[in-house]
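Contents: one structure, followed by commentary.
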Amino acid sequence: MLSLFSTLGGLLISGLPKLLEFFQNKSDQAHELALARVQADKELQMIAQGFAAQQKIEEIRTDQISMQTDAAMTVAAYDHDKQILEKASTWVASYIGTVRPTVTYIFIVELCAINAWLAYYVYSHPGLILTVDDLVRVADIIFSSDEMAMLGGVGV
């Protein structure tokens, strides 16, 4: 009976962060919508007055505010996780600690497997690469800038 309660408690505790994240996302989306409306109004006012340079400055400020907001949300999420983990049992903390590295390893293995298959496919079909431009085009497909950006962000 005790194991049933502990299992049920573990399931409820593991679902709590997702529930809190749902409400946080809902409020974030409402805030972003309001911010987008304000930004659109400012852009229309500036265009009407012919202030193109001022519009660029406002875009830069909006981007800075957005980045600061994202950083603050990340810090708040980490602080929230710390508070939850202080109260959680050791196996829950250990499990949560293994999720991000496991997902990272799965992502990297998948990325390497897909790129290896693409490279093998190109190698086994020599008619695909006839010029240096073809080689550059295929290399851009296999090692795209989006892939490299994601791979660079994985360790964060």
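The values are calculated or read from the model by the stated rules, or taken from the named source; none is laboratory data. Computed from a prediction, not measured in an experiment: that's the story for all the values here. Every residue, glycine among them, receives a Cβ derived from its backbone with ideal geometry; neighbour counts consider all protein chains shown.
Only one of Ser124, Ser144, Ser66, Ser94 is of a type outside the set (Phe, Trp, Tyr) and assigned by TED's automatic domain parsing to the domain that holds Gln24. Can you tell me which?
Details: Ser124 fails: assigned by TED's automatic domain parsing to the domain that holds Gln24; Ser144 fails: assigned by TED's automatic domain parsing to the domain that holds Gln24; Ser94 fails: assigned by TED's automatic domain parsing to the domain that holds Gln24.
So the residue among Ser124, Ser144, Ser66, Ser94 that is of a type outside the set (Phe, Trp, Tyr) and assigned by TED's automatic domain parsing to the domain that holds Gln24 is Ser66.
Could you tell me whether any residue of region 96-112 is part of a helix (DSSP H, G or I) and more than 28 Å from Met148 (Cβ to Cβ)?
Yes, some residue in region 96-112 is part of a helix (DSSP H, G or I) and more than 28 Å from Met148 (Cβ to Cβ).
Since Trp117 meets every condition but one in (1) touching a helix residue (DSSP H, G or I) at 6+ places or on another chain (Cβ under 8 Å); (2) at pLDDT 85 or above, which condition does it not meet?
The failed condition is (1).
Does at least one position in region 85-101 carry a residue that is surrounded by 12 or more Cβ atoms within 10 Å (Cβ to Cβ), touching a residue at least 60 places away in the same chain (Cβ under 8 Å) and closer than 24 Å to Ser27 by Cα?
no
Quick check: anything in region 58-70 in contact (Cβ under 8 Å) with a residue 40 or more places away in the chain and surrounded by 10 or more Cβ atoms within 10 Å (Cβ to Cβ)? Before you say what the answer is, go through the steps one by one.
At the first step, the residues of region 58-70 found to be in contact (Cβ under 8 Å) with a residue 40 or more places away in the chain are none.
There is no residue in region 58-70 that is in contact (Cβ under 8 Å) with a residue 40 or more places away in the chain and surrounded by 10 or more Cβ atoms within 10 Å (Cβ to Cβ).
Filter region 70-126 down to the residues that are under 22 Å from the mean Cα position of the chain (by Cα) and of a type in the set (Gly, Ala, Ser), then identify the one that is nearest to Phe143 (Cα to Cα).
Among those that are under 22 Å from the mean Cα position of the chain (by Cα) and of a type in the set (Gly, Ala, Ser), it is Ala113.
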